[in-house]
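Worksheet for the structure shown next.
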Amino acid sequence: MRVGIDLTEIDQVADSMSRFGERYVRRTYSERELADCGGETEATAEQLGVRFAAKEATLKALGVPRGFGVDWRQIEVRGSDRRPTLHLGPSVAALATAAGIDDWLVSLTCEGHLAAAIVIGT
């Protein structure tokens, strides 16, 4: 079993959305994630912030160092914030297979200016 946790400041996500717009959103989130958030132009910093926290927590659970070069869109949080599921693209799935992980649980939450995620891989 592997566990990862992350806290993300929602204000930093909002700042990235404001400063870099579509470039940030399309580089970080998959089409499916954006659709689950109501679309690219409707997604809120809170919705995207919890997904970013889950992406970071997944990398921590896999033991992948920061700056490893993983495509953020290869870690996809699907569904609502209340019943999320985690899906991995081919490159990250290969890392999970190498680590002996084939099942994932994810929990997301927001409170004030923080978004948090816990990811468990078994």
Q. How big is region 83-122 on each of its three principal axes, counting only the C-alpha atoms and giving the largest first in Å?
A. 37, 17, 16
Q) Once both axes come from the Cα atoms, what is the angle between helix 10-20 and the longest principal axis of the chain, in degrees from 0 to 90, rounded to 10? A) 70
Q) Can you list the equivalent-ellipsoid semi-axes of the chain, largest first and in whole Å, using the square root of 5 times each Cα gyration tensor eigenvalue? A) 22, 15, 13
(Q) Within the chain, what whole-number % of the accessible surface is contributed by carbon and sulfur, with the 1.4 Å probe and all protein chains included in the calculation? (A) 50
Q: Compare Ile101, Ile118 by solvent-accessible area with a 1.4 Å probe and give them largest first, with all protein chains kept in place.
A: Ile118, Ile101
Q: Could you provide, to the nearest whole Å², the per residue accessible area of the chain with probe 1.4 Å?
A: 55
Q.
Can you give me the solvent accessible area of Glu111 with a 1.4 Å probe, rounded to the nearest 10 Å²?
A. 150
Q) Using a 1.4 angstrom probe with every protein chain in place, what is the largest-first accessible-area order of Thr28, Thr122? A) Thr122, Thr28
Q | the chain - mean residue ellipticity at 222 nm from DSSP helices (-39,500 (n - 2.57) per run, n ≥ 4, rounded to 500) | A | -12500 deg cm²/dmol
Q) Using a basic spin-label model with each label point 7 Å from the Cα along Cα→Cβ, how many nm lie between Arg19 and Ala35? A) 3.1
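The values are calculated or read from the model by the stated rules, or taken from the named source; none is laboratory data. Values in this document were obtained by computation on a predicted structure and should not be read as measured data. Note: ideal-geometry Cβ built from the backbone for every residue, glycine included; neighbour counts use all protein chains shown. These accessible areas exclude ligands, DNA and RNA; they are computed on the full protein's heavy atoms, side chains included. Shrake-Rupley method; radii C 1.70, N 1.55, O 1.52, S 1.80 Å.
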